[in-house]
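Here the structure comes first, spelled out in structure tokens, and everything after it is commentary.
The values are calculated or read from the model by the stated rules, or taken from the named source; none is laboratory data. Predicted model only: the values in this text are computed from it and were never measured. So basically every Cβ, Gly included, is an ideal-geometry build from the backbone, and we count neighbours across all protein chains shown. We work out accessible area using only protein heavy atoms, side chains counted, and drop any ligands, DNA or RNA first. Shrake-Rupley method; radii C 1.70, N 1.55, O 1.52, S 1.80 Å.
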2 protein chains.
Amino acid sequence: MSDHDDSGVYWWRLLDDEPFHNTRTKILFAAYKEIHLNGFQAASLNNILAHTGLTKGALYHHFPNKTELGYAVIEEVIADRIYRSFIAPLNDSGRPIDSLIELIQQSGNAFSLRDVQLGCPLSSLAQEMAPIDEGFRTRLNVIYELWHEAIVKAVMKAQQSGQLIDQVQPEQVAVMVVATMEGCLSAGMISQDLSKLMFCGEGLIQYLNLIQNKNN
Amino acid sequence: MSDHDDSGVYWWRLLDDEPFHNTRTKILFAAYKEIHLNGFQAASLNNILAHTGLTKGALYHHFPNKTELGYAVIEEVIADRIYRSFIAPLNDSGRPIDSLIELIQQSGNAFSLRDVQLGCPLSSLAQEMAPIDEGFRTRLNVIYELWHEAIVKAVMKAQQSGQLIDQVQPEQVAVMVVATMEGCLSAGMISQDLSKLMFCGEGLIQYLNLIQNKNN
DNA sequence: AACCTCACATACCAACTGGTATGCTTTATA
DNA sequence: TATAAAGCATACCAGTTGGTATGTGAGGTT
């Protein structure tokens, strides 16, 4: 079950400048893959080490235990990818809602079938660990809040320049956009159907169009 | 981690007529709870049996292995609860969108804090098992498709009686509604904040209002 | 009464888990 | 150059896992 090939094209592509050369980072990314595939609890330290060629001595030299390794994966790998993929691109646009729509479209198009099959590492970890470990929950929650904040800013900017209809509450839009994006990914994953994911994303885009003023 | 009290009020309340008296069902529901708490892979058969007072002989008399037990939990417990909570209530309304909105509101109000902390058993199981076991994925997908179909019917009915704006595609609305509902639950779970869940739900309701014709 | 099947209980097992104690190099420091 | 510390490797451990082989009592059948 846990064996796999690493040939999948990830939408959160690895960046070239990431320091893969040091042992700690090797373990961190191997752990990220294992966790992404099998979940945290089912992730095997022996598997992680087998993929890196390292041993248990190396692991426990850099991390005190499995739980702290999981925390580090969240803070140093997952947070970074979410930020680069969904938060950073939102900055400073004249028409923030349009650039949000564009971001959703681009994200959707970047998914391979394998990406969709594996699901979103953020939401799957949240589903698994949030109910049973506060350390996981708080660390994952930080990422979600950063994400929300970024969208809130964008919506408020659009609001202030009169691009939105009256009833819109920025925080509500933010929470809903994030929720729907992850829900769309989940729908694509469970159906293993990329078109279903895109279809769902178009629904979200329709919503974002409906809250915009037509006469502007 | 796996110990817990069973005092939580579930929104998918157990119905009185469910046959708890026979051994198979006892195991089934104990397994459901364990899986809902810890996920399937981390669910311990020994824990399940300890909660029922039964032994391994009983379990392996009724189920060939752990995986088949998981399948049975999906088909006989989870499917039933989703159907009763979200699918059956959608039938035959004069104003289907309004009754869908009402269903969303009622569901939201029925959540206790503990319900939200635990998350949705359907989506958490999907996140965990869909990528690594086809048997789980297909069985969970059946539930989602039934859910989608029911909403598609409702939207088409509203469409045919001219209650919706032109751009609406029923299947798109269906996929998005389900996706957003689960995303809202996820947002509530990760923040451990009921108001965030409700807030997200109101966003979805706003969407459902926006796709309705105002002059009707 | 003999027999058989069902419905479990008991005892046990190999495999794997996270974690630890110790040893060995290499590098930095003094 | 002596010494300390960092950065790993090796070997090992108790606990837990899913799974199995066997035993046993009740109920029905002939």
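How many percent of all Cα-Cα pairs in the protein assembly as shown sit more than 41 Å apart? Let's see the in-between values first.
Numbers: 14938 of 93096 pairs.
Cα-Cα pairs in the protein assembly as shown separated by more than 41 Å: 16 percent.
Counting pairs on different chains as well as pairs 8 or more places apart, how many Lys pairs in the range A:23-210 have Cα atoms under 21 Å apart?
Numbers: A:Lys26/A:Lys56; A:Lys26/A:Lys66; A:Lys33/A:Lys56; A:Lys33/A:Lys66; A:Lys56/A:Lys66.
For the range A:23-210, qualifying lysine pairs total 5.
Roll a 1.4 Å probe over the protein chains and send me the accessible area per residue for chain B in Å².
Details: 9160 Å² over 216 residues.
For chain B, the solvent-accessible area averages 42 Å² per residue.
Using a 10 angstrom cutoff on alpha carbons, build the Gaussian network for chain A and name the most mobile of A:Asp166, A:Asp98, A:Asp115.
A:Asp166
For the interface of B with A, what's the total buried accessible surface in square angstrom, probe 1.4 angstrom, rounded to the nearest hundred? Intermediate values should be presented prior to the final figure.
Working: alone 11360 and 11340 Å², together 18290 Å².
Result for this pair: about 4400 Å² buried.
What nm distance separates the two modelled labels at A:Met198 and B:Asn109, each placed 7 Å from Cα along Cα→Cβ?
4.1 nm
Binning at 10 Å from 0, report for the range A:57-216 what percent of all alpha-carbon pair distances ends up in each bin.
10, 35, 33, 16, 5, 1, 0
Would you work out the charge dipole size for the protein assembly as shown about its Cα centre, treating the Cβ of every Lys and Arg as +1 and the Cβ of every Asp and Glu as -1, and quote it to the nearest 20 debye?
Result for the protein assembly as shown is approximately 20 debye, rounded to the nearest 20.
Before anything else, pin down the relative contact order of chain A: Cα pairs under 8 Å, at least 6 apart, normalised by residue count, whole percent. Write down the numbers at each step before the final one.
On the way: 199 pairs, mean separation 47.6, N = 216.
About 22 percent, as a whole number.
Tilt of helix A:170-191 relative to the longest C-alpha principal axis of chain A, in degrees (0 to 90, nearest 10)?
60 degrees
For the range A:127-203, with only Lys/Arg (+1) and Asp/Glu (-1) charged at the beta-carbon, what is the dipole magnitude about the Cα centre, in debye rounded to 20? Could you put the intermediate results ahead of the total?
Values: 5 positive and 10 negative charges, 38 e Å.
Charge dipole, the range A:127-203, about its Cα centre: 180 debye, nearest 20.
Output the residues of the range B:112-155 meeting this criterion: accessible area (heavy atoms, 1.4 Å probe) in the chain alone minus accessible area with all protein chains in place is 50 Å² or greater.
Listed by number, the residues meeting the 50 Å² cut-off are B:Gln127, B:Pro131, B:Ile132, B:Arg137.
Report in % the part of the accessible area of chain B that belongs to carbon and sulfur, leaving out ligands and nucleic acids; probe 1.4 Å. Please report the intermediate quantities before stating the final value.
On the way: 4550 of 9160 Å².
Heavy-atom surface of chain B belonging to carbon and sulfur, 1.4 Å probe: 50 percent.
Which Cα, out of A:Val168, A:Pro121, A:Ser191, lies furthest along the positive dipole direction of the range A:90-216 (beta carbon charges, K/R +1, D/E -1)?
A:Val168
Could you sort the peptides B:178-191, A:196-209 by per-residue average Cβ neighbour count (10 Å cutoff), highest mean leading?
Details: B:178-191: 26.7, A:196-209: 21.4.
Highest-to-lowest ranking by the protection proxy: B:178-191, A:196-209.
Quick one: what do you get for the range B:18-63 if you divide its Cα Rg by 2.2 N^0.38 Å? Let's see the in-between values first.
Values: Rg = 9.9 Å, N = 46, 2.2 N^0.38 = 9.4 Å.
Dividing the Cα radius of gyration by 2.2 N^0.38 Å gives 1.05.
What spacing in nm lies between the two simple spin-label points modelled at A:Arg95 and A:Glu145, each 7 Å away from Cα in the Cβ direction?
3.4 nm
Given springs between every Cα pair under 10 Å in a Gaussian network model of chain A, which of A:Asn65, A:Asn22, A:Asn91 has the largest fluctuation?
A:Asn22
Using Cα springs under 10 Å in a Gaussian network model of chain A, which residue among A:Ala150, A:Ala42, A:Ala126 shows the largest mean-square fluctuation?
Highest fluctuation of the listed residues: A:Ala42.
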